[in-house]
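Reviewing the structure listed below.
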Amino acid sequence: MTSTTALVVGGTGTMGTRIVRALAARTGTVVRVLTRNPSSERARGLVENTPGDIRPVRGDLDDEQSLKTAFQGVDQVFCNTDFFATASPQQEYAQGLRALHAPQRARLPDGGEGLVFALPLGRAGRWPLIALDDIAFFARHQLDHWDDWGGRTLRIAADALTGDQIAAAFEKATGVPSVYQAVDLDEFSRSLPGIGHDLAAMFAFFQDHDLFSRDRDPQALRALHPELATFGDWLTTTGWDGAAAG
């Protein structure tokens, strides 16, 4: 039987662990996981709790020699770089939630208590969304079918919702009254020193450009992956109640 060696850069992170699990489920696949500390609790936990052949290897994206060593004998690579360099998957996840200012428990316009999704999407901007497990599915799909996808890009997304639709979907799934509150882009940028400008530029793009309907092919994506989750599906599956991760 032919063996395949796949290297996952960022494999101990929130997204990366899903990629590792998806690839390790393939028969005959050895999954190397690049990590600064192969003995860390996250690396050991990934090995202990993931069926398959998982092998943490020491390496750092800032250390070229360590990358050369890690890449030796590798057939396939999934690389997830951290643009904002938070140095911690937990911090990165929590930072993302804080950066979006949402959701916040507050007094709603009707006087009741609920959640306010405060986002810089304007009135009609749409935020493209996809579940981490679905990213893992498509990563494995491309590596499984590398001969079909070599040199081509698979542009993925599962849903794209306005702020009002996000709040409505959350309320429908959880029963918690929710509303959307538009945040001014300049105010949003100032609230996040260092990274606010880049994130505000991203949301400005979402306000002007419906990436999902204009630059993605939803029918083709669902043909490849019929279980591709909408935001509502994800809420139901995960049971997320709006609490931020610490």
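Using Cα-Cα distances under 8 Å and only pairs 6 or more residues apart, what relative contact order does the chain have, in percent? Present the calculation step by step, with values, prior to reporting the outcome.
Numbers: 396 pairs, mean separation 47.2, N = 246.
This gives 19 percent for the chain.
Which angle from 0 to 90°, rounded to the nearest 10, does the C-alpha axis of helix 89-99 make with the longest principal axis of the chain?
20
Distances over 13 Å make up what percent of all Cα-Cα pairs in the range 1-61?
On the way: 958 of 1830 pairs.
Pairs farther apart than 13 Å: 52 percent.
If you build the convex hull over the alpha carbons only and average its shadow over all orientations, what do you get for the chain? Give it in nm² to one decimal. Show your work: numbers first, answer last.
Numbers: hull surface 59.6 nm².
That works out to 14.9 nm², a quarter of the Cα hull's surface.
Calculate the spin-label point distance for residue 237 paired with residue 176, positioning each point 7 Å from the Cα along the beta-carbon direction, and give it in nanometres.
The answer from the label model is 2.0 nm.
Give, in whole angstrom and from largest to smallest, the semi-axes √(5λ) of the equivalent ellipsoid of the range 111-182, with λ running over the eigenvalues of the Cα gyration tensor.
The equivalent ellipsoid of the range 111-182 has semi-axes of 35, 14, 7 Å.
Report the extension gain between residue 74 and residue 222 in nm, rounded to one decimal, defined as 0.36 nm multiplied by the number of residues separating them, less their alpha carbon distance.
On the way: separation 148, 0.36 × 148 = 53.28 nm, distance 3.00 nm.
Going from the current span to full extension adds 50.3 nm.
Which net charge results for the neighbourhood of residue 50, defined as the other residues with beta-carbon distances under 15 angstrom from its beta-carbon, given Lys and Arg at +1 and Asp and Glu at -1? Provide the component values of the computation, followed by the final result.
Details: positive: 18, 21, 26, 32, 42, 44, 55, 140; negative: 41, 48, 53, 133.
Overall, the nearby charge balance is +4.
Largest first, please: the extent of the C-alpha atoms of the range 193-246 along each principal axis, to the nearest Å.
The Cα atoms of the range 193-246 stretch 40, 32, 15 Å along the principal axes, largest first.
Amide H to amide H, which residues 5 or more places from residue 183 or on other chains are under 5 Å from it, using H placed in the peptide plane?
119, 121, 122
Who wins for biggest fluctuation among 59, 194, 163 in a Gaussian network model of the chain, springs between alpha carbons below 10 Å?
194
With each pseudo-label sitting 7 Å past Cα toward Cβ, what's the residue 25-residue 41 distance in nm, one decimal?
Using points 7 Å along Cα→Cβ, the separation is 2.7 nm.
With label points built 7 Å along Cα→Cβ from the Cα atoms of residue 124 and residue 195, find their separation and express it in nm.
3.1
In square nanometres and to one decimal, what's the mean projected area of the convex hull around the Cα atoms of the range 153-198? Intermediate values should be presented prior to the final figure.
Numbers: hull surface 20.7 nm².
For the Cα atoms of the range 153-198, the hull's average projected area reads 5.2 nm².
Using DSSP, restrict attention to beta bridges with both residues in the chain and report what percent are antiparallel, rounded to the nearest 5. Walk me through the numbers on the way to the answer.
Details: 7 of 28 bridges.
Restricted to the chain, the bridges split so that about 25 percent are antiparallel.
Which loop trypsin sites (Lys or Arg not before Pro) in the range 122-194, with loop taken from DSSP, have no more than 10 other Cβ atoms within 10 angstrom of their Cβ?
On the way: sites: 123, 126, 140, 152, 155, 172, 190; in loops: 123, 126, 152, 155.
Passing sites in the range 122-194 are 123, 152.
Every number here is computed from the coordinates shown, using simple stated rules; none is lab data. From a predicted model like this one, the values you see are computed outputs, not experimental measurements. In this analysis, Cβ positions are derived from the backbone assuming ideal geometry, glycine residues included, and neighbour counts consider all displayed protein chains.
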